[in-house]
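S.K.: Quick one: structure below, then a few questions.
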Amino acid sequence: MMRSIRSMVLLIGLVCLGACHSPLGLQPAPVQEHFVTTHRSALTSHQLSDQTERTLITVGLPPRATFEAASALSDSIAEDPDAMTFLALAEVAFMIGRNQAVDTETRRAQLAVASLASWIVLFDPEFELSPYGSEWPIARGLHNASVASLIEILEHMPRHVGEKQTVYAMGQEMEVDVSWRASPWTAEAFSKFLPAMKYRVRGVRHRHWQHGIGAALLADRGDAHTVETTAEEHYLPPNHQAVAISAIVHDVTHESGTAWPPHRFSLTFYDPVQTPFVSVAGRCIPLEADFTAPLVHTLARDRTLQQAGRGGLIDTERWEDISGLYMLEPFDPDRVPVVFIHGLRSSPMIWREMVNDLMGDPEIRAQYQFWFYLYPTGTPFAYTAKNLRQALRQLRAMYDPDHTVSTLDEMVLVGHSMGGLVARLLVTESDDALWNAISDVCFEEAVMKDEDRSLIRNIFFFDPVPEVRRVVFIATPHRGSVVADRAPGRLVARFVQLPSSIVGAAKAVIEANPGRIRPFVDPRRPVATSIDSLSPRSSFLSALAELPISDRVTVHSIIGCRSHDGRPGGTDGVVPYDSAHLPGADSELLIPRCGHSVPLHSAAAMELLRILHEHR
């Protein structure tokens, strides 16, 4: 009896509890949850968007990405086309096409379907989505991802750009007119196209992405020695350079009187630096492009750059063979060159953050081209400056022998540490001050062979490079660094192997003029290494510090300081403020809490951005 009563009480309690509990309610949630739910799609998860799930249910199918669903949606469009069905087809086809377990031909077909169905809701006036709805960004993302993935698996790409391709989809053959408008690049220069969105970038602060329409690609040049290069490509890195290329779908055509399926479309490739906007379906649109991933890809795969710091310091003669000017893009007569010169035991890798942030600015991309001077840093910086002057003369002779390209006369030099001293030698008139700093005999009276005289004259006697209009000194030791005189510096200097041309000429001149040629610093090493050249005791460096910079050149200084107050004084750990400070500079930025690797600091990049905006 008692058991029955307890059972009855429990039953009544459960009924009351159920009657009091509502299935509805509001709960506090983070704002991020709303945006994650609103923008959920095949692009961000393994689930379809809410809109596509509703569309599939409407046509009597389960909300899953299957071949049956794609076929049913395609049939529904053929009978009664509408924007939401096009969008659902694009998303379902994309999910199938990205599945690596599906055979390549099927993936190619589904990605073509996804590219075209999404294109229609973006550009066809009859079916285009409102840009204010949540579906439009999903459609744009699906289109860009589908086009990029399709290009990755299209046959004969990229070497056969310009030829028609055929994709079999939706029970018919579709013609693809592939064209190349990414001048000055040539399609034959590239070995493969990689979708930028499939790669994570590491090692830089920011990823600079231009959002728009189309496929953002990494075009890999592979081994450039295997293809014939143009004159404009002469200064490009020889191996594994990646380039930002964009591709768009346009001119989608159907059989007369039908909205689906298309039987032909065009696929065109562009250089987003040269052509940031294109016309599609009568409207001007920005191209989707990634400017960071190609730079990172190039630097990460270039073993030469990674080894240049140590290798170029010790074995200078071997590294002379690969020293010189390098460009990221073919020479462009319409953009001003910015020449970056790295410092001691360094390489162009030091510029990665700065150049990446410069490439992220649309105006800077449009107005400037970035060049890098790679050199063995064990050689005296005066010898390096001589080689850079010669390299700039040769470049102008190649691209502008008649001196009609005005942008070449607006050149900007950016030098870090010892690279700043190289830059200073390009904006200064030497007269005989530098020769007199190491010699007690007039140059013309000194005894030496003709070939030695020519070499030494080019090192010690020069005028400012006429093309340079602005110079940016970054952590530059204008008056030397005591680090060069400390035990570690002296020890490393002993292992530096200088080029035989310098050693031979210097020894011959010293022997022919006994007691009249003074060593830079160390009498035991009459031929100075770069480390010797940076000593505050260097007579050559002291003489250079007294030479005025050409009044045609605008001068800027960016200086690091370990202290927190940002006031003049102190040191960056290598170069003291008093050595880096340049009286009379047009601007000076002192960056607090900053070591010697100043080009990697975000404030230095922002200052160079400001300077370049001012330059033009």
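The values are calculated or read from the model by the stated rules, or taken from the named source; none is laboratory data. What you are looking at is a predicted structure, and each value in this text was computed from that prediction instead of being measured. Because the Cβ atoms are built from the backbone with ideal geometry, glycine has one as well, and the counts that use them run over all protein chains shown. Areas reflect the complete protein model, heavy atoms only, side chains present, ligands, DNA and RNA absent. Shrake-Rupley method; radii C 1.70, N 1.55, O 1.52, S 1.80 Å.
S.K.: Need the failing condition index for THR292 against (1) over 17 Å from the mean Cα position of the chain (by Cα); (2) at pLDDT 95 or above, just the number.
M.R.: Going through the list (1) over 17 Å from the mean Cα position of the chain (by Cα); (2) at pLDDT 95 or above, THR292 breaks only (1).
S.K.: Kindly indicate the residue of region 35-50 that is open to solvent by less than 80 Å² (accessible area, probe 1.4 Å) and assigned to a helix (DSSP H, G or I) and also modelled with the highest pLDDT among those meeting that condition.
M.R.: My answer is ASP50.
S.K.: GLU614 is checked against (1) open to solvent by 50 Å² or more (accessible area, probe 1.4 Å); (2) out of contact with any helix residue (DSSP H, G or I) (no Cβ under 6 Å at 6 or more places or on another chain); (3) in contact (Cβ under 8 Å) with a residue 24 or more places away in the chain and fails just one. What number does that condition carry?
M.R.: Only one criterion in (1) open to solvent by 50 Å² or more (accessible area, probe 1.4 Å); (2) out of contact with any helix residue (DSSP H, G or I) (no Cβ under 6 Å at 6 or more places or on another chain); (3) in contact (Cβ under 8 Å) with a residue 24 or more places away in the chain is unmet by GLU614, namely (3).
S.K.: What's the number of the condition ARG107 fails, among (1) in a helix (DSSP H, G or I); (2) open to solvent by 10 Å² or more (accessible area, probe 1.4 Å); (3) out of contact with any helix residue (DSSP H, G or I) (no Cβ under 7 Å at 6 or more places or on another chain)?
M.R.: Against the list (1) in a helix (DSSP H, G or I); (2) open to solvent by 10 Å² or more (accessible area, probe 1.4 Å); (3) out of contact with any helix residue (DSSP H, G or I) (no Cβ under 7 Å at 6 or more places or on another chain), ARG107 comes up short only on (3).
S.K.: Something else now. Can you go through ALA508, ALA543 and tell me which one is surrounded by 14 or more Cβ atoms within 10 Å (Cβ to Cβ), over 20 Å from SER430 (Cβ atoms) and at pLDDT 90 or above? Before the answer, list the steps.
M.R.: Working: ALA543 fails: over 20 Å from SER430 (Cβ atoms).
Of the residues listed, the single one that is surrounded by 14 or more Cβ atoms within 10 Å (Cβ to Cβ), over 20 Å from SER430 (Cβ atoms) and at pLDDT 90 or above is ALA508.
S.K.: Shifting gears a bit: Could you please find all residues in region 393-410 being open to solvent by 10 Å² or more (accessible area, probe 1.4 Å), among the aliphatic types (A, V, I, L, M) and touching a helix residue (DSSP H, G or I) at 6+ places or on another chain (Cβ under 8 Å)?
M.R.: The answer is MET398, VAL405.
S.K.: Looking only at region 396-417, which residues are in a helix (DSSP H, G or I) and acidic (Asp, Glu)? Walk me through it before giving the result.
M.R.: Restricting attention to region 396-417, the residues satisfying the condition of being in a helix (DSSP H, G or I) are 396-399, 406-410.
Residues satisfying the conditions are ASP409, GLU410.
S.K.: Given the condition assigned to a strand (DSSP E or B), within 21 Å of MET349 (Cα to Cα) and modelled with pLDDT under 95, answer yes or no: does some residue in region 229-240 qualify?
M.R.: Keep residues of region 229-240 that are assigned to a strand (DSSP E or B), which gives 239.
Next, from what is left, pick out any that are within 21 Å of MET349 (Cα to Cα): 239.
Cutting the leftovers down to modelled with pLDDT under 95 gives us 239.
Looking for residues that are assigned to a strand (DSSP E or B), within 21 Å of MET349 (Cα to Cα) and modelled with pLDDT under 95, one finds at least one in region 229-240, hence yes.
S.K.: Report whether or not HIS254 is open to solvent by 20 Å² or more (accessible area, probe 1.4 Å), touching a His at 6+ places or on another chain (Cβ under 7 Å) and not aliphatic (A, V, I, L, M).
M.R.: Numbers: open to solvent by 20 Å² or more (accessible area, probe 1.4 Å): yes; touching a His at 6+ places or on another chain (Cβ under 7 Å): yes; not aliphatic (A, V, I, L, M): yes.
Here the answer is yes, as HIS254 does meet what is asked.
S.K.: Considering SER602, SER538, SER587, SER563, which residue is out of contact with any Ser or Thr (no Cβ under 6 Å at 6 or more places or on another chain) and crowded, with 19+ Cβ neighbours inside 10 Å?
M.R.: Selected residue: SER538, the only one of SER602, SER538, SER587, SER563 that is out of contact with any Ser or Thr (no Cβ under 6 Å at 6 or more places or on another chain) and crowded, with 19+ Cβ neighbours inside 10 Å.
S.K.: How many of the residues making up region 355-384 are among the small types (Gly, Ala, Ser) and touching a Lys or Arg at 6+ places or on another chain (Cβ under 8 Å)? Before you say what the answer is, go through the steps one by one.
M.R.: Start the filter on region 355-384 by keeping residues that are among the small types (Gly, Ala, Ser), which leaves 360, 366, 378, 382.
Subsequent filtering for residues that are touching a Lys or Arg at 6+ places or on another chain (Cβ under 8 Å) retains 366.
Looking only at that region, the number is 1.
S.K.: So, restricting to helices (runs of 4 or more DSSP H) that lie completely within region 275-383, which ones have at least 3 residues that are more than 22 Å from ASN239 (Cβ to Cβ)?
M.R.: Numbers: elements: 292-301, 303-314, 316-320, 352-359, 362-367.
Output list reads 352-359, 362-367.
S.K.: Right, something else. Just to be sure, is HIS556 modelled with pLDDT of 95 or more, within 15 Å of LEU421 (Cα to Cα) and buried (at least 20 other Cβ atoms within 10 Å of the Cβ)? First the steps, then the outcome.
M.R.: Numbers: modelled with pLDDT of 95 or more: yes; within 15 Å of LEU421 (Cα to Cα): yes; buried (at least 20 other Cβ atoms within 10 Å of the Cβ): yes.
So HIS556 passes the test.
S.K.: Among what's in region 167-198 and is within 21 Å of MET359 (Cα to Cα) and in contact with a helix residue (DSSP H, G or I) (Cβ under 6 Å, 6 or more places away or on another chain), pick the residue that is modelled with the lowest pLDDT.
M.R.: Looking at residues that are within 21 Å of MET359 (Cα to Cα) and in contact with a helix residue (DSSP H, G or I) (Cβ under 6 Å, 6 or more places away or on another chain), I get PRO184.
S.K.: Tally up the residues in region 284-303 that are open to solvent by 30 Å² or more (accessible area, probe 1.4 Å), touching a residue at least 24 places away in the same chain (Cβ under 8 Å) and farther than 12 Å from ARG352 by Cα, please.
M.R.: Qualifying residue count for the region: 2.
Residues checked against (1) open to solvent by 30 Å² or more (accessible area, probe 1.4 Å); (2) among the acidic types (Asp, Glu); (3) touching a Ser or Thr at 6+ places or on another chain (Cβ under 9 Å):
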{"position": "THR52", "(1), (2), (3)": "no, no, yes"}
{"position": "PRO62", "(1), (2), (3)": "yes, no, no"}
{"position": "LEU87", "(1), (2), (3)": "no, no, yes"}
{"position": "LEU122", "(1), (2), (3)": "no, no, no"}
{"position": "SER146", "(1), (2), (3)": "no, no, yes"}
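S.K.: Tell me the residue from ILE459, ILE438 that is in contact with a Phe, Trp or Tyr (Cβ under 7 Å, 6 or more places away or on another chain), at pLDDT 95 or above and open to solvent by less than 70 Å² (accessible area, probe 1.4 Å), please. Step through it out loud before you land on a result.
M.R.: Details: ILE438 fails: at pLDDT 95 or above.
Result: ILE459 is the single residue among ILE459, ILE438 that is in contact with a Phe, Trp or Tyr (Cβ under 7 Å, 6 or more places away or on another chain), at pLDDT 95 or above and open to solvent by less than 70 Å² (accessible area, probe 1.4 Å).
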